[in-house]
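Q: Before anything else, here's the structure in question.
Readers should treat all values here as calculations from the given coordinates under stated rules, not as data from a laboratory. Every value quoted in this text rests on a predicted model; they were computed, and no experiment measured them. Note that each Cβ is placed from the backbone with ideal geometry, even for glycine, and that neighbours are counted across all protein chains shown.
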Protein chains: 2
Amino acid sequence: MIPFDLSLYLVTDRDLSKGRPLEYIVAEAVKGGVTMVQLREKDCSSRDFYELGVRLKKILNPQNIPLIINDRLDIALAVDADGLHIGQSDLPCEIARQFLGKNKILGLSVETIQQVEEANALDVDYIGISPVFATPTKTDTFTPFGLEGVKASCALSKHPAVAIGGINIENTAEIIAKGADGVAVVSAISSADSPMKAAASLKKLIAKK
Amino acid sequence: MIPFDLSLYLVTDRDLSKGRPLEYIVAEAVKGGVTMVQLREKDCSSRDFYELGVRLKKILNPQNIPLIINDRLDIALAVDADGLHIGQSDLPCEIARQFLGKNKILGLSVETIQQVEEANALDVDYIGISPVFATPTKTDTFTPFGLEGVKASCALSKHPAVAIGGINIENTAEIIAKGADGVAVVSAISSADSPMKAAASLKKLIAKK
């Protein structure tokens, strides 16, 4: 298994990048200290998704920062990414693991406390507690966990847990204090005037835990 | 390699199935004589795509009719489908073949005569000449090949060729006469009052070649 650090996890969104190329956002975020990057694309061709993955891998690999692909096992395989992140509407976990192999990182989004418990029986490497707060980024999710939900989930989970959804400079410290191994952010970095500075500011709050 | 017969190739489209379940359309089409089925889904979750694939495989496998998955290599792998059909905006052919293995069917859509020629150098098992005629089903394609384009493509291709796009009971015989190994149809079967009868009628025209 590739070692990984969930503490500051960037999830990409080209729509929230203010027209700047994803490579720029990712490269700046890396300078600011992100520890993992998830490439999430919902509306692009398989070829574009693949090529974007190849380009991000070239940026991340030399820095030893894992590149995780959202949902698409085939893109993760094709790019030889470091891992795959699946949600409850994606491929079943066992199938993802079967084709991904033991040496790749497999993450799973959980949307309820019950799913946190179910995940304890699954061969995943981390869980994503989603969403912590209401967010416009994802619309198909359950009731937000809130800070107390994060605390309960982290206590219950046998897997490392990253929190996602509405996380920013204002609430990162609280989330880490509740027991999360890290925060996953989208707009807090991608939409920032300086993705590097935004990442660095978040990083400081996490390091204080 | 699994033997396959391109002669009457159903490509699914739930939006054109008049509200009837895909399993019904496929089962009826099989009774009518389709020789291959491609599951094409553009707007559903990976889990739904996978589960649909599993259900179609149960219908097709006992009849020895190959199930081909459109675009999504991961779904083809997860379902253990008989093959994958990729377009020019999907994963590169070599990568699809690498993960699919030698024993599965790999089809490639070609949209120009130049792509027919390029496909001769690729490790694919058949090409899909697309579109023959203008069609509302796909919007992102090049100028239609027309009957003469089909003839030229079939003469040029070293791979078996199936024609797709605007094909129905009126033009099937002509397309076969131009050298195509088969016709791929969407609405001509899926939107028919009786998908079985529609398939059987097309089948007769193909058998006459």
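Q: Does region A:68-75 contain any residue that is of a type in the set (A, V, I, L, M, F, W, C) and more than 14 Å from chain B (Cβ to nearest Cβ)?
A: Among the residues of region A:68-75, at least one is of a type in the set (A, V, I, L, M, F, W, C) and more than 14 Å from chain B (Cβ to nearest Cβ), which makes the answer yes.
Q: Among B:Val37, B:Val11, B:Val30, B:Val54, which is among the β-branched types (Val, Ile, Thr) and more than 21 Å from B:Leu205 (Cα to Cα)?
A: None of the others qualify; the one that does is B:Val54.
Q: Now a separate question. Given the conditions (1) over 18 Å from B:Val110 (Cβ atoms); (2) not in a helix (DSSP H, G or I), which single one is not true for B:Lys204?
A: (2)
Q: Identify the residue in region A:172-209 that is more than 20 Å from A:Phe4 (Cα to Cα) and of a type in the set (D, E, K, R) and, among all such residues, is surrounded by the most Cβ atoms within 10 Å (Cβ to Cβ).
A: Among residues in region A:172-209 that are more than 20 Å from A:Phe4 (Cα to Cα) and of a type in the set (D, E, K, R), the one surrounded by the most Cβ atoms within 10 Å (Cβ to Cβ) is A:Lys178.
Q: I've got another one for you. Are there any helices (runs of 4 or more DSSP H) wholly within region B:65-168 with 3 or more residues that are under 25 Å from B:Ile206 (Cβ atoms), and if so which?
A: Details: elements: B:73-79, B:93-100, B:113-119, B:146-156.
Of the helices (runs of 4 or more DSSP H) lying wholly inside region B:65-168, those with at least 3 residues that are under 25 Å from B:Ile206 (Cβ atoms) span B:113-119, B:146-156.
Q: Something else about it: I need the full set of residues from region A:85-110 which are among the small types (Gly, Ala, Ser), more than 10 Å from chain B (Cβ to nearest Cβ) and surrounded by fewer than 23 Cβ atoms within 10 Å (Cβ to Cβ), in order please.
A: A:Gly101
Q: Which one of A:Asp82, A:Asp43, A:Asp13 is at negative phi, within 13 Å of chain B (Cβ to nearest Cβ) and not small (Gly, Ala, Ser)?
A: Of A:Asp82, A:Asp43, A:Asp13, the one residue that is at negative phi, within 13 Å of chain B (Cβ to nearest Cβ) and not small (Gly, Ala, Ser) is A:Asp43.
Q: Same structure again: Based on this model, can you work out whether B:Arg55 counts as part of a helix (DSSP H, G or I), farther than 20 Å from B:Ser191 by Cα, within 14 Å of chain A (Cβ to nearest Cβ) and among the basic types (Lys, Arg)?
A: So B:Arg55 fails the test.
Q: Here is a list: B:Gln63, B:Gln38, B:Gln114. Which entry is more than 12 Å from chain A (Cβ to nearest Cβ), crowded, with 17+ Cβ neighbours inside 10 Å and among the polar types (S, T, N, Q)?
A: Going through B:Gln63, B:Gln38, B:Gln114 in turn, the sole match is B:Gln38.
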